[in-house]
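Scroll down for the structure; my scribbles are underneath it.
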Amino acid sequence: MSRRAHFIGRAAVVRGAVLGRGAVVRGAVLGRGAVVRGRYALVALTWLLLLGCADTSLGGGGDGGDGAPADIVAPRPEAALVPTCTPGSDADRDGVPDEVEGCDGRDTDGDGVPDYLDLDSDGDGVPDAIEAGPDAARPRDTDGDGVPDLRDRDSDNDGLLDGEEDRDGDGRVGCCRARCGEPAVGCPSVRLDQCAEGQRCLADGRCSPPRAFLCARGETDPRQGTTFGDVADAVDISFVCRAPQNDAGGDGARGRVEMRVERFAAADLALALPRALSSQRLQLLAAPAKELAVTLAGADRALLGFAAARPLSPADAARDDDTLLGAQLVRVAASLPVGLRAVRLRAGTRALSHDQKPMLRRGALELESDTPRTLGELRDVLLALLLGRAPFELGGSGSSGAAAPGPAGTRFRMRLSIVRRTADALALVGAVARAEDADDPARVVGLLLDDLGDGTALAGAEARLEVACEPHVLRGRPTADILWVIDGSYSMRDQKQSVKDSAQALFARALAAGLDFRMGVTTMVDPDKYPASVGALCSGAQAGGVGGAGADRFLRADERAAFERCVASTPLADAQREYGMLALQKAIERHLPRKLHPRYIRPDATLAVILISDERPQSLSDLINADPQGLAGYVNCTLDASLQGHLRATYAAQHALLSGQSHGGEGRAALHLVGALCNSSCADDVAHGYIELAQDSGGSISNVCKKDLAEDLERIFDSIIERAVPTRLQGRAISMSLALAHAAADPASPPSQLARSRTRGFDVHPESRALLLVGVPVKTGDRALVSYSRWRAAGAER
């Protein structure tokens, strides 16, 4: 007896009627006026019963065969008989007469349902009501081959299946509009005098051009072989949104990344994984119903991952989200066995999951082992600690540490995300790799480590997976000029050394992001002693001076050694007086206007300022000394409204400069402060003035008391990169599913698919979703098309 249900047009759920690939229709007007009512669902279910189908769930689900059950509608008694095919009638209510679809029992797609009862006769994902055209009695035959489009899986004979061109089966190309202001399901709304992105509204109400790259969302027209003019659809950039296939041009497989979904209903957990990762569920000893552990492995075992669900104790369940989530990684670091230690911990970023659950993203541990141990052994130790178990409780020989030991090493990296899915349960996902493998830019290990550790692969058991495609027109390479204002006093020796030690990692971070950057270093000189050198930049050519021919300039990305010399020497620094506000202002002003000289701030550069000092501005100290009674409140952590107003008035010039209100907006910048904060252990003077300027300019604030500033500086650079990159993904991508095709502005230029890479290819910044093209020539006007999978919460509309 067959248990396979009728799969209507690749769709999943029947509630009234099913159209295309899963669009749920409730008496809606679809296509060109065809009204599809709930009656067809009864017809389809009746056929299932007559075919002997004992299981009435629609197999396959919506996520590529993950087996999720679908909702069904029970047949009414009056629908006990299958409608006969009668000329002049329309048994499936799709607007196409029975005799047109065929009363000879024809079943074009071989799904067991005759065409006259099938909403998608050829099974290409585009409904018959749309493919038939405006006159359903004489259905459209686009390529003139004698087979109407509703029975032709490649209507325009361009070598692409109609369902791959019109992926959602709605009869339109992405979000492109034909008429100004018309609504489009699943697309941003527009005003009555607007069209979609890339189109303009004509006086007669039409949108021009009828199809544009920016509104197509990776779709092409199944009725036109050249949707966008000069380039055939078969070789257009839209290939990255289609199923993977081998490229005849010789650059290997290309297309979207195919993902699979693994669901664990009892633990309310779903995982989206690429085929490159194998998985194994562990048999935990005496596990409660909601506890789960799954191990993951890359093909070469250089990366080992895990996902898990853990019920909470009553005491943990009563804790607030921040405390509970933040404690997990700290507890692991504090509980490591003898011979294994955490040398660095990054708590992660507080965020929300795709379905608005509290989440801690991208926590990180760096570990060292006294003796070599395999990656599998280390992963089992960490996973057991996260679950509150001993390693032997993971299932003994069934654990992946034994099944996939991986390479041995003594230095490791771990990435982890934790989600509080319910009040009494946590879900987590992460991975481990040897440090040398994760740090090798020529390998994908580091990328996969970050991808698994960012939590995007994790969802609730009922979440749906869908493919999205985003078109972007690029605006050239991101550019930034980064100005460092460093307190050179003796008390700053440890912090200066930390900046110098971090230089290699910071330069590499910017280069990996494809950032065209320069560094400018100045110090807080006394204007009475060195008036001509206030705000001048160090070239590194002279260890003791700022001035001199050609010395006042930004350093290029290939001058890291000069940058380190400038940081170490901070020339002309005063041991007693720190004029940071004056240095910041003059360093910007003396390098404006932007177009005047190549040594000045570049016209297209994002400007960022990093100020490092363990004191408040000297000018503020002078004010307090001049009026110790009236301004005594500046020594407090917080300031009253009067002092806040006085402070902003005192530094009005700096606020106007960084906000873009003066100098024609050319000095606009974000100030990132590494300074003395409230209750700092290394200084009594809170860095008022700097703090407010950083807040008002959209910058960041870090504590200067740390001897090791590496983590804070990395976060600052991430923020600078985020501001400099103009192109960002709109949706929340599952990182491992990202694929990108790039084409030059010339429409005749053949597109190419770029690899995920930090040396030559593309990447996406995890927090800002900034699109980074690295080591690839990019010009303004180039096109990029990004495909990815994303989660949809159960019941959420598109």
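Listed values, structure above:
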read-out	value
Within the accessible area of the range 350-445 (1.4 Å probe), percent carbon and sulfur	54
Extension reserve of the residue 299-residue 599 stretch, reckoned as 0.36 nm per residue once the Cα distance is removed	103.1 nm
For the range 222-355: accessible area per residue (Å², 1.4 Å)	45
Of the GluC sites (Glu not before Pro) in the range 205-307, those whose Cβ has at most 15 other Cβ within 10 Å and which sit in DSSP loop	258
Alpha-carbon spread of the range 598-740, three principal axes, descending order, Å	63, 38, 31
Probe 1.4 Å - accessible area at residue 284, Å² to nearest ten	30
Carbon plus sulfur fraction of accessible area for the range 607-682, probe 1.4 Å, in percent	50
Share of carbon and sulfur in the accessible heavy-atom surface of the range 127-261 [1.4 Å probe, %]	49
Heavy atoms of residue 716: accessible area, 1.4 Å probe, square angstrom to 10	0
Which of 456, 374 is most accessible, then next, and so on - probe 1.4 Å	374, 456
Partners for residue 290 among lysines (Cα-Cα distance below 25 Å; same-chain residues under 8 apart left out)	357
Sequence of 103, 241, 705 when ordered by accessible area, the most exposed leading, probe 1.4 angstrom	103, 705, 241
Gyration tensor over alpha-carbon atoms, the range 185-313, equivalent ellipsoid semi-axes in Å	45, 23, 9
The range 227-384 - Rg and Dmax from Cα coordinates, angstrom	20.8, 67
Residue-normalised accessible area of the range 644-798, expressed per residue, 1.4 Å probe, Å²	40
Accessible area in square angstrom per residue, the range 76-163, 1.4 angstrom probe	40
log10 of Debye I(q)/I(0), alpha-carbon scatterers only, for the range 82-146 at 0.28 Å⁻¹	-1.37
Trypsin sites (Lys or Arg not before Pro) restricted to the range 692-738 and DSSP loop, no more than 12 other C-beta within 10 Å	707
Net length gained if the chain between residue 185 and residue 625 were fully extended (0.36 nm per residue, minus Cα distance)	151.8 nm
Cα-derived Rg to Rh of the range 696-798, Kirkwood definition	1.06
Cα pair distances in the range 627-672, grouped into 10 Å bins until the bin that holds the longest one, percent each	25, 39, 26, 10
Restricting the range 467-505 to trypsin sites (Lys or Arg not before Pro) in coil, as DSSP defines it, with at most 10 other Cβ within 10 Å	none
Cα principal axis extents for the range 395-505, largest first, Å	57, 44, 38
Pairs beyond 28 Å (Cα-Cα), from 529/595; 595/706; 500/586	529/595; 595/706
Accessible surface ranking that places the most exposed of 377, 101, 615 first, with a 1.4 angstrom probe	377, 615, 101
Stokes-Einstein D for the range 127-227, Kirkwood Rh over Cα pairs, 20 °C, 1.002 mPa s (µm²/s)	151
Charge context of residue 644, other residues only, Cβ under 13 angstrom, K/R +1, D/E -1	-2
Residue 473/residue 323 FRET efficiency (R0 35 Å; Cβ-Cβ; nearest 0.05)	0.20
Cα-projected label distance for residue 661 with residue 390, points at 7 Å along beta-carbon direction, nm	6.6
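The values are calculated or read from the model by the stated rules, or taken from the named source; none is laboratory data. Nothing here was measured: the structure is a model prediction, and the numbers come from that model. We place every Cβ from the backbone using ideal geometry, glycine too, and count neighbours over all the protein chains shown. Note: areas computed on protein heavy atoms with side chains; ligands, DNA, RNA excluded. Shrake-Rupley method; radii C 1.70, N 1.55, O 1.52, S 1.80 Å.
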